[in-house]
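The values are calculated or read from the model by the stated rules, or taken from the named source; none is laboratory data. No experiment lies behind these values; they were computed from the predicted model shown. As a convention, Cβ positions derive from the backbone with ideal geometry for all residues, glycine included, and neighbour counts pool all protein chains shown. Side chains are part of the model used for accessible areas, which takes the heavy atoms of the whole protein and leaves out ligands, DNA and RNA. Shrake-Rupley method; radii C 1.70, N 1.55, O 1.52, S 1.80 Å.
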Amino acid sequence: MSKRPIIIDTDPGIDDALALAIALFSEELDVRLITTVAGNVSLENVTLNTLRLLNFYGKDVPVAKGAAEPLLAEFVDASNIHGKTGMEGYDFPEPQEELLLPEHAVNAMRRTIMESPEPITLVPIATLTNIALLFAMYPEVKGNIREIVMMGGSASRGNKGVMSEFNIATDPEAAQMVFQSGVPIVMAGLDVGLKALVYPEDSEEIRTMGKVGDMAYHMFKRYRGGSFNTGLKMYDSCAIAYLLCPELFEVVETYVGVELRGAMTAGCTVVDLRGYLHREPNARVCIDVDGEKFRRWFKNAVSKCI
Ligand code: BDR
Ligand code: CA
């Protein structure tokens, strides 16, 4: 079976680092390009982190730097969750600078998509600024995209605002452009991210799983996406889990819009589970995940890394 070609758009980020490892060491995925966007920390830091991770993983995947700020919203990072550098807790090797392309992420995505003989799957595990710019600048790429499998949004409550999830709330206008793009979308948001938990006994097991496991363990000690003792949230690995193991998820096809002007709800994904809005579905939304199976899947996936 040929590997599924994907582009990952990311902002490492501790949970991003694990999602990247699982995708890069998977026998079923072919990571053709990694693009970066300001999110968990600044664009400079997330790009350096990506290049450090690739050196650590020993993987030669090209990287392109994308948007330094959201389209309209003021940029607010998540260093309170991931630490000042975005990957606090581990001493990584130097960044593998030669993997950094001279082109902007949007141009690198366009080229990679248009050159690919098979349709590409986009996997954004960060805010959607780069993807919105890609569709605005080069709508022709939509013809060679299989689907978007994203981590972002929520059909219930938020983790950034009362009703908004971080990746969507960071750039709501970009998210709305992506949901309106007409490209098939799978949304793995907080409804599954909050249940994709790694418990202390899992972390202890993961620690013994080679160099990636040891690195994960040390970063888990510093990660504030949940708590080490009661469960750490592996948000971004949900998108990768959906690609590799969709049977873990319960999925509903429906309309998703993004609230842009709500006085208290800007950046909220309005997931119309009951059809109030009478609009055509534009997304498949993961509304539940089997937490036990996810844990097993996650540990098994980490054990396959170096
Ligand atoms: C998302 O926000 C970021 O902090 C994580 O990396 C993840 O992509 C979860 O809301
Ligand atoms: Ca992320």
Q: Please list, or write none, the aspartates and glutamates whose alpha carbon is within less than 13 Å of the alpha carbon of LYS3, excluding same-chain residues fewer than 8 places away.
A: GLU27, GLU28, ASP30, GLU118
**Q.** Interchain or long-range residues, amide H under 5 Å from THR35's placed H
**A.** ILE8, ASP9, THR10, ALA64
Q: Please report, as a whole percent, how much of the solvent-accessible surface of the chain comes from carbon and sulfur atoms (probe radius 1.4 Å).
A: 50
Q. Considering only ILE287, GLY231, CYS245, whose Cα is most displaced toward the positive end of the charge dipole of region 202-306, charges sitting on Cβ of Lys, Arg (+1) and Asp, Glu (-1)?
A. GLY231
**Q.** Unit charges at the beta carbon, dipole of region 1-92: most positive-side option, SER2, THR85, THR35
**A.** SER2
(Q) Which one, THR127, GLY213, GLY13, is farthest towards the positive end of the dipole of the chain when Lys and Arg carry +1 and Asp and Glu -1 on their Cβ? (A) GLY213
Q: With a length cut of 20 Å (Cα positions projected on each helix's long axis) and a Kyte-Doolittle mean of at least -1.0, go through the chain and give me the DSSP H helices that pass.
A: 43-57
Q. Considering the chain as a Gaussian network with a 10 Å cut-off on Cα pairs, which listed residue, GLY193, GLY58, GLY226, attains the greatest mean-square fluctuation?
A. GLY58
Q) What accessible area per residue comes out for the chain, rounded to a whole number of Å², with a 1.4 Å probe? A) 40
Q) Could you give the dipole magnitude of region 69-137 about its Cα centre, charging the beta-carbon of Lys and Arg +1 and that of Asp and Glu -1, in debye to the nearest 20? A) 320
**Q.** Size of electric dipole in region 159-306: Cβ of Lys, Arg +1 and of Asp, Glu -1, about Cα centre, debye, nearest 20
**A.** 440
Q. How much of ASP77 can a 1.4 Å solvent probe reach, expressed as accessible area in Å² and rounded to 10?
A. 60
Q) Okay, helix-only estimate at 222 nm for the chain: each DSSP H run of n ≥ 4 adds -39500 (n - 2.57), divide by all residues, round to 500 deg cm²/dmol; what do you get? A) -10000 deg cm²/dmol
(Q) More than 17 angstrom separation, counting every C-alpha pair in region 42-86; what % is that? (A) 43
Q | log₁₀ of I(q)/I(0) at q = 0.07, 0.10, 0.14 Å⁻¹ - the chain, Debye sum with one point per alpha carbon | A | -0.23, -0.47, -1.00
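If you put +1 on each Lys and Arg Cβ and -1 on each Asp and Glu Cβ, how big is the dipole of region 213-257 around its Cα centre, in Debye rounded to 20?
Details: 4 positive and 5 negative charges, 87 e Å.
Using Cβ point charges on Lys, Arg, Asp and Glu, region 213-257 gives about 420 debye.
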Q) Which pairs break 20 Å Cα to Cα here: LYS195/LYS299; LYS195/LYS304; LYS221/LYS299? A) LYS195/LYS304
Q. Under the classification rounded if a/c is under 1.5, otherwise prolate if a/b is larger than b/c and oblate if not, where does region 24-169 fall, given a ≥ b ≥ c as square roots of the Cα gyration tensor eigenvalues?
A. oblate
